[in-house]
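One structure is given here, and the rest of the page talks about it.
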Amino acid sequence: MSDSASQFRPLLAVLRGERQSVPPVWLMRQAGRYLPEYRALRADKGGFLELVNDSEAAAEITLQPIRRFGFDGAILFSDILVIPHALGQDLRFEAGEGPRLSPPLVDHALDALQRTPERLAPVYETVRRVRADLPARTTFLGFVGSPWTVATYMVAGQGSREQGETRRYAYRDPVAFQAIIDAIVESSIEYLSGQIQAGVDAVQLFDSWAGSLSPAQFERWVIAPTVRIVEALKVRHPDTPIIGFPKGAGGKLIDYARETGVDALGLDETVDPGWAAAHLPRNMPVQGNLDPLALIAGGDALEDAVRRILGSFGDRPHIFNLGHGILPDTPIAHVEQLLALVRGGA
């Protein structure tokens, strides 16, 4: 996409380093359960994975928050676990319990899996459908789960708060764990490249469990694989910006920002905006980092939090977002209040 085209997409302009007087806005998980139109469609279509694999439904869900709120970015409706599914694990979502992958790799060898990349085809079709219907000024964001986070699910077969099983596995057998990371890296490069070819403008790497690692392990299992993905995409798609989101990284954000090559850095709600403004690379675009619970609270609490973030990042390229995904019980009126605060110069 040319630089002239980016002028019609404020979010894309920020990702390319252009500060906007009014920061563009999108929200992680904005296509989802807090929207009544999403709940109605899911009730009609069935379970979550069925929606992801139904390109017509997934495209509609991606577009729903754009129609309702006019966000500056549309985030592809999919899931980070489509990668292990494409690598050959069985994926299912248990009601009230979350995703399950089988066989868990803590007990099985990676090379026993039968890779099935064709399982990603519905996602590419979703991208093409959204691209055809997206407003011209809206930036289309694709995504992938970062290798460490995806590996935690592949090894344990499910999510866990401490990722203890995967961390022990990585210490106990780093050669075998490196093979898992390598497979995820390779598949992620192809997957993101496919999304870009189908029509997304930028991509985000979600490393939701990056905060559970020691500094040395963070360097090996977060930074190094991210470098490989970024370098490969920059060769294939040099004009496509990449956002890195290592949730919970804390002080390790500085090394992540300097070493990975990402174009922009997503900040979770635990990062002090003033600290980030002072310590992160001066010209790097940042994204975030409103606490999702402040959005639920609304009122003065929301206004104070928005003002603090805008004040901290007012002199650098900034995308306003949450520090993590929007929660299902978020009131629609509070999202409208947020947009009024940001776009009204709160």
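Some notes on this structure:
- Within the range 78-101, if we keep just the residues that are more than 19 Å from S146 (Cβ to Cβ) and surrounded by 12 or more Cβ atoms within 10 Å (Cβ to Cβ), the residue that is modelled with the lowest pLDDT turns out to be F93.
- If you filter the range 254-275 down to residues that are among the hydrophobic types (A, V, I, L, M, F, W, C) and over 19 Å from G325 (Cα atoms), you find that the one that is surrounded by the most Cβ atoms within 10 Å (Cβ to Cβ) is V262.
- Boolean, A121 is of a type in the set (A, V, I, L, M) and touching a residue at least 12 places away in the same chain (Cβ under 8 Å): no
- Every residue from the range 115-135 that is polar (S, T, N, Q), within 24 Å of Q178 (Cβ to Cβ) and surrounded by 13 or more Cβ atoms within 10 Å (Cβ to Cβ): none
- There is no residue in the range 225-240 that is surrounded by 15 or more Cβ atoms within 10 Å (Cβ to Cβ), farther than 21 Å from F177 by Cβ and acidic (D, E).
- Cβ-Cβ distances below 8 Å connect the following pairs, each with a first residue in the range 125-138 that is closer than 17 Å to Q197 by Cα and among the basic types (K, R), a second residue that is at pLDDT 95 or above and open to solvent by 80 Å² or more (accessible area, probe 1.4 Å), and a separation of six or more residues or different chains: R129/E56.
- With respect to the stated conditions, A112 is closer than 30 Å to P174 by Cα, hydrophobic (A, V, I, L, M, F, W, C) and open to solvent by 30 Å² or more (accessible area, probe 1.4 Å).
- Hits in the range 195-224 (condition: open to solvent by 10 Å² or more (accessible area, probe 1.4 Å) and either part of a helix (DSSP H, G or I) or without any contact (Cβ under 8 Å) to a residue 40 or more places away in the chain (or both)): I196, Q197, A198, G211, S212, S214, P215, A216, Q217, E219, R220, A224
- All conditions but one from (1) surrounded by fewer than 13 Cβ atoms within 10 Å (Cβ to Cβ); (2) on the phi > 0 side of the Ramachandran plot apply to A333; the one that does not is (2).
- Taken over the range 17-60, the criterion of being part of a loop (DSSP other than H, G, I, E, B) and surrounded by fewer than 18 Cβ atoms within 10 Å (Cβ to Cβ) is satisfied by G17, E18, R19, Q20, S21, V22, R33, G46, G47.
The values are calculated or read from the model by the stated rules, or taken from the named source; none is laboratory data. Quick caveat, the model's predicted, so the values are computed rather than measured. Cβ atoms come from the backbone with ideal geometry, glycine included; neighbour counts cover every protein chain shown. The area values use the complete protein model at the heavy-atom level, side chains included, leaving out ligands, DNA and RNA. Shrake-Rupley method; radii C 1.70, N 1.55, O 1.52, S 1.80 Å.
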